[in-house]
Amino acid sequence: MNICFVIGKWEEMDPQYETTLTLIHESCKRGHRVAVFSPGNLTIRDNITYAFCKIIEKNQKVSDSIPSFYKNVKFKKQRLPVKGFDAIFLRKNPPLDNNMLNFLDSVKEDTIIINDIDGLRKASNKIYTTSFEDEHNYIPETHVSKDIDYLESVITEAKADKMILKPLDGYGGKGVIVLETKAKMNIRSLLEFYIGDDNKNYVILQEYLEGATEGDVRVLMLNGEPIGAMKRVPKDGDARSNVHAGGTVEKYSLTKVDREVCRVVGQKLVLDGIYFAGLDIIDGKLLEVNVLSPGGIPRINKLNKVKLQRNVIDFIELMHKKRDDAINRKLSFRKAIDDA
Ligand SMILES: Nc1ncnc2c1ncn2[C@@H]1O[C@H](COP(=O)(O)OP(=O)(O)O)[C@@H](O)[C@H]1O
Ligand SMILES: [Mg+2]
């Protein structure tokens, strides 16, 4: 297959803990042709979408060690038509680049994109979880607004003594804070600060999940099923479990409730074309669905002695084969009619 990865900067990848790198390495190991480019490399020439790519040169020995593969790999730079790729992995960290999606609209019918462009438009935001039918109460009580008076009233009417305040478009734990609902003197000033001048930003006020002190659970979902999980434990005195905010990871087995959350959420993810995602779960409640470049494979691999990148590339290969078989069947049926 020809597989490309839309990434940030190759030079800035962490050779040890970058999920994207495990996927690139696995693809190369299997003999697929692999290229990488950044969203800013997309270019239209005469109505055709191209990208200035770094394509991995043919016939290189692919080291078994991912860090040494990363260090030694040789690229060739070339402008290539994006439709020529059988699969595209969108692995650039949030925020979502809408221009990139607009460019890729022109190739989405002919190429497998992980995740689906229209699915990303739907799901790449923290309001997505509120679109789940929540008959089992798997979603924490969540409020989203930029109306300071309203948000203040939600806080003062809250029964709990703590709530979570976070920016709607944050990631990596940025700006997530625990609000003491009784600390009234701070509330307006904090809300004003988060919402910003000209009423710029939405904020999320959310039920505080007590289990957060012991950490949250990151589950990797592939085609609607959990393929691996780990626990992320916050640094002492911090509310956030993200590894980018100093959290550490531990081995974890999904509980019955976690599995049930995955089952319900997984069905919707597949319908929305979100084939590869990372769920954040605390106390059996779904905090967030990470759909843009979910991470965790290297850490889960290490904890569980697995290679989850194999599952992901197996899945892509299978999807590609199904598509190819369908095209070939169509061509042979067409020929039968042409020859009649
Ligand atoms: N409602 C909540 N209750 C308890 N802890 C929370 C809550 N929301 C967020 N956190 C903590 O902050 C971290 C980051 O929040 P999250 O909503 O996943 O945003 P981000 O996109 O920044 O990862 C979570 O992993 C968790 O540790
Ligand atoms: Mg998160």
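Table for the structure above
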read-out	value
Residue among Gln309, Gln267 that alone is surrounded by fewer than 16 Cβ atoms within 10 Å (Cβ to Cβ) and more than 14 Å from ligand 1 (Cβ to nearest atom)	Gln267
Check on Arg91, in contact with a strand residue (DSSP E or B) (Cβ under 6 Å, 6 or more places away or on another chain) and away from ligand 1 (no atom under 16 Å from the Cβ)	yes
Selected residue (criterion: nearest to Lys83 (Cα to Cα)) from residues of the stretch 8-66 that are of a type in the set (Gly, Ala, Ser) and assigned to a loop (DSSP other than H, G, I, E, B)	Ser38
Residue that is out of contact with any strand residue (DSSP E or B) (no Cβ under 9 Å at 6 or more places or on another chain) and acidic (Asp, Glu), where the choices are Asp258, Asp216, Asp198	Asp198
Wholly within the stretch 88-170, helices (runs of 4 or more DSSP H) carrying at least 1 residues that are within 29 Å of Leu209 (Cβ to Cβ)	117-123, 148-157
Subset of the stretch 180-195 (residues that are modelled with pLDDT of 95 or more and not in a helix (DSSP H, G or I))	none
Single residue of the stretch 271-306 satisfying the filter (β-branched (Val, Ile, Thr) and within 14 Å of the chain's Cα centre (by Cα)) that is surrounded by the fewest Cβ atoms within 10 Å (Cβ to Cβ)	Val289
Strands (runs of 3 or more DSSP E) wholly inside the stretch 209-255 containing at least 3 residues that are under 30 Å from Leu271 (Cβ atoms) and within 16 Å of ligand 2 (Cβ to nearest atom)	216-222, 225-233
Only listed residue being touching a helix residue (DSSP H, G or I) at 6+ places or on another chain (Cβ under 8 Å), charged (D, E, K, R) and in contact (Cβ under 8 Å) with a residue 40 or more places away in the chain, chosen from Glu225, Glu260, Glu210	Glu225
Selected residue (only one of Ile195, Ile204 is β-branched (Val, Ile, Thr), over 18 Å from the mean Cα position of the chain (by Cα) and either within 23 Å of Gly266 (Cβ to Cβ) or more than 16 Å from ligand 1 (Cβ to nearest atom) (or both))	Ile195
Residue within the stretch 290-305 that is touching an Asp or Glu at 6+ places or on another chain (Cβ under 8 Å) and in a strand (DSSP E or B) present	yes
Search result, residues across the stretch 217-243 that are closer than 22 Å to Thr130 by Cα, at pLDDT 95 or above and either within 10 Å of ligand 1 (Cβ to nearest atom) or not hydrophobic (A, V, I, L, M, F, W, C) (or both)	Val217, Arg218, Asn223, Gly224, Glu225, Pro226
Of residues in the stretch 270-284 being outside any loop (DSSP other than H, G, I, E, B) and in contact (Cβ under 8 Å) with a residue 60 or more places away in the chain, the one nearest to ligand 2 (Cβ to nearest atom)	Asp280
Enumeration of residues in the stretch 26-52 that are more than 24 Å from Lys322 (Cβ to Cβ) and either buried (at least 22 other Cβ atoms within 10 Å of the Cβ) or modelled with pLDDT under 95 (or both)	Val36, Phe37, Ala51
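The values are calculated or read from the model by the stated rules, or taken from the named source; none is laboratory data. Since the model is a prediction, treat every value here as computed from it, not as a measurement. Reconstructed Cβ throughout: ideal geometry from the backbone, glycine too, with neighbour counts over all protein chains shown.
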